[in-house]
């Protein structure tokens, strides 16, 4: 797999402490087509509430617009009633969670001409996402009464991942231009969502197991970001979800032997955020006199490469 290199060595290594801001001049409006979405329906006296959860890891940063609108659609994708608008006074910057929970309520009762909705369109400037409803919903149309309202829009933030809730493994390696890339795969083994971020510190070493003595072999991996899109920022991991970072090992034959002085390592020690450290077996060769390994920031895939 060919990774595109983005020049810039990063020094921040952390498991993401989530943050949220309500203003960002440089943040682009969220492209809703890149969000996964699901819906659930709950009934209440006099009507129905549609709960829509949207999730995306594509954006390092994007802006949830105050111009976001919600439009119910029938089974033929035709609009039902008038669209309603996101009630927030200011745009919200999504830079650590990318989860949006929306509650849209409809009213039923007297003087209500009802039509069945099968979809809900979430519409932002420049993009929209059509969400299939979990079941058909009766939506009032006609008259001047405001039958449909946006009750709330929230942006839940997951806590950072604890070391005990992450498992490290090595994914399928890929070769490109004299370098072998090994995905360092982090799996959330806990029961709740959490966030992971940054660029791991990776040290080739000797050893036979997590508990055996380990001796460093050559320099630690250099820190690089393989994407111009800012990967390495916080990723929300649901239970059993995975994120990864690409660990690159340049072939020792790329360097003069006297400058490289290659040696074999049998595993890698991986430090994330200074609060979690793992060792996993991985046999390869690295230079001991110069830096010949490197690692990228975490991405929301299990391949080490950014999502396409």
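Derivation of every value follows stated rules applied to the coordinates shown; laboratory data play no part. Everything numeric in this text was worked out from a predicted model, so none of it was measured. Here Cβ is always computed from backbone atoms with ideal geometry, including for glycine, and neighbour counts include all displayed protein chains.
Length gained on full extension, residue 277 to residue 289, computed as 0.36 nm times the residue gap minus the Cα-Cα distance: 1.8 nm. Treating the Cα atoms of region 159-295 as identical point scatterers in vacuum, please give the log10 of the normalised Debye intensity I(q)/I(0) at q = 0.14, 0.20, 0.22 Å⁻¹, two decimals. Results for region 159-295 at q = 0.14, 0.20, 0.22 Å⁻¹ read -0.64, -1.20, -1.37. Put in order of Cβ neighbour count within 10 Å, fewest first, the listed residues 69, 129, 44, 236 become 44, 69, 129, 236. Taking the Cα of residue 152, stepping 7 Å toward and past its beta carbon, and measuring to each backbone N in region 166-198: which are under 19 Å? Hits in region 166-198 for residue 152 at 19 Å: 193. Scaled to the globular estimate 2.2 N^0.38 Å, the Cα spread of region 251-302, given as radius of gyration, is 1.36. Ordered by the count of other Cβ atoms within 10 Å of each Cβ, fewest first, 51, 93 give 51, 93. Computed from the alpha carbon atoms alone, the convex hull of region 32-154 holds 100 Å³ per residue. For region 139-228, the relative contact order is 19 percent, taking Cα pairs closer than 8 Å that sit 6 or more residues apart in sequence and dividing their mean separation by the residue count. When 186, 119 are sorted by how many other C-beta atoms sit within 10 angstrom of their C-beta, beginning with the fewest, the order is 119, 186. Counted residue by residue at 0.36 nm each, then reduced by the alpha carbon distance between them, the extension gain from residue 33 to residue 162 reaches 43.3 nm.
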